[in-house]
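The values are calculated or read from the model by the stated rules, or taken from the named source; none is laboratory data. Keep in mind that what you see is a predicted model, and the values were worked out from it rather than measured. Neighbour counts are summed over all protein chains in view; Cβ atoms, including those assigned to glycine, are modelled from backbone coordinates with ideal geometry. Heads up: the accessible areas ignore ligands, DNA and RNA and are worked out on the full protein's heavy atoms, side chains in. Shrake-Rupley method; radii C 1.70, N 1.55, O 1.52, S 1.80 Å.
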Amino acid sequence: MTTWQPDILGDGYQQLSLPLGTDPDGEGPISATLVRYQPDDVDLPDRAVLYVHGFTDYFFQQHLAEHFAAQGYRFYALDLRKCGRSRAPEHTPHYVTDLEFYDSELDQALRLVRNEVSEGVLLAAHSTGGLVLPLWLDRLQRRPGGTRGAGVTGLILNSPWFDLQGPSYLRNVGTAAIDILGRLCPKEAVPGPKLDTYGTSLLNGGWTYDLDWKPTTGFPIRFGWIRAVRQGHAQLHRGLDIGVPSLILRSGESRSAPKYDPAIDTVDAVLDVRQIARWAGCLGDRTTIVPIDGARHDVFLSTPGPLREAFRELDLWLGWLDDHRTGDETAGARADDARPRTTGEHA
């Protein structure tokens, strides 16, 4: 029996614990947490969005849930094992040694959401979640008896992590070292400075969240975890078949800084947006890439102007997706024509 409980986000939000058994990485019993937005005063639509967060993150973006609800979607979000609502004191935050381990909670969450709607599920993810979901979707297509899309209608990726930052020669040498150290000392933290640049930008922007679940300087990166991410990057770069159309939103520019300054509010201070554009074509199916000038790393936590633009582009794509699924390509073309040509890329 599924028993939904009140969630920390308050009225309209509920959560459900998804038991996952014993951690394959040796940290005892684990679970994931499914959150849903279900206000009492609206008729529930028959389609849904399932959202997955990134590293040093959890679901708290109520404005995103409420925007999707206004567009006619039920909204669900998943706090993965050892993240946010799902982390116990004995857990190493966000630690996994294989991204495929996440299939367990993703399978459960998709099954639960599909049981509540009949018109399919739209997936959305941010940053590391934007790597986890395409890899999982690719595996879904290849499972015995799998069907095209597996009940998923589309994929929205918000600044997905498609490659390690830095020059190619450092990525190559670094990946070889990560592979060795990830096997020998998987829980050792990768050395490096603890930067609060991006976290300070979010807090200065008025976004509020639990700093124990999303600390300003981020959680330590462990060699075993980053090895799993690099293996995921390699799979992506070889090409996937996710089975559904996708929308990729990203900032127009990347910039790093040792400490916060206001210029950080209008760039991706975490990932290299050029790498997002480079590898987007590896998803398979139809992919639409839209840079949002002035956006932060989490496009939906941007300053008001870029945030409005991100939602506008999202709504245009949702309209196109509806037309695409019903075969009305002319209406989809009209939506494409409404987008300024200088802000869209297609791969």
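On inspection, T208 does not qualify as under 22 Å from the mean Cα position of the chain (by Cα), open to solvent by less than 40 Å² (accessible area, probe 1.4 Å) and hydroxyl-bearing (S, T, Y). Among the candidates L122, L110, L80, L50, the residue that is in contact (Cβ under 8 Å) with a residue 24 or more places away in the chain, more than 20 Å from Q5 (Cα to Cα) and not small (G, A, S) is uniquely L122. Among the residues of the stretch 103-118, is any touching a Lys or Arg at 6+ places or on another chain (Cβ under 7 Å), open to solvent by 30 Å² or more (accessible area, probe 1.4 Å), part of a loop (DSSP other than H, G, I, E, B) and more than 28 Å from K187 (Cα to Cα)? So far as the stretch 103-118 goes, no, none of its residues is touching a Lys or Arg at 6+ places or on another chain (Cβ under 7 Å), open to solvent by 30 Å² or more (accessible area, probe 1.4 Å), part of a loop (DSSP other than H, G, I, E, B) and more than 28 Å from K187 (Cα to Cα). Among the residues of the stretch 25-47, the ones that are loosely packed, with under 15 Cβ neighbours inside 10 Å, touching a residue at least 60 places away in the same chain (Cβ under 8 Å) and within 17 Å of Y95 (Cβ to Cβ) come to 1 in all. When L137, L164 are checked against the criterion of being under 21 Å from the mean Cα position of the chain (by Cα) and either open to solvent by 20 Å² or more (accessible area, probe 1.4 Å) or free of Cβ contacts under 8 Å to residues at least 60 places away in the same chain (or both), L164 stands alone in meeting it. When the residues of the stretch 245-267 are narrowed to those that are of a type in the set (D, E) and open to solvent by 50 Å² or more (accessible area, probe 1.4 Å), which ends up nearest to R142 (Cα to Cα)? Once the filter is applied, the top-ranked residue is E253.
Checking the structure you have, find out if any residue of the stretch 50-70 is open to solvent by less than 10 Å² (accessible area, probe 1.4 Å) and small (G, A, S). Yes, that holds for at least one residue.
If you check P186, P258 for being at pLDDT below 95 and part of a loop (DSSP other than H, G, I, E, B), only one passes: P258. Here W317 passes the criteria (1) part of a helix (DSSP H, G or I); (2) touching a helix residue (DSSP H, G or I) at 6+ places or on another chain (Cβ under 6 Å) except the one numbered (2). Considering the stretch 169-205, the residues that are of a type in the set (V, I, T) and more than 20 Å from T128 (Cβ to Cβ) include one that is nearest to the chain's Cα centre (by Cα), namely T200. Determine if the stretch 227-244 includes at least one residue that is open to solvent by 30 Å² or more (accessible area, probe 1.4 Å), part of a loop (DSSP other than H, G, I, E, B) and out of contact with any helix residue (DSSP H, G or I) (no Cβ under 6 Å at 6 or more places or on another chain). No, the stretch 227-244 contains no residue that is open to solvent by 30 Å² or more (accessible area, probe 1.4 Å), part of a loop (DSSP other than H, G, I, E, B) and out of contact with any helix residue (DSSP H, G or I) (no Cβ under 6 Å at 6 or more places or on another chain). Per this entry, V270 is counted among residues that are at pLDDT 95 or above, under 18 Å from the mean Cα position of the chain (by Cα), within 19 Å of L195 (Cβ to Cβ) and open to solvent by 30 Å² or more (accessible area, probe 1.4 Å).
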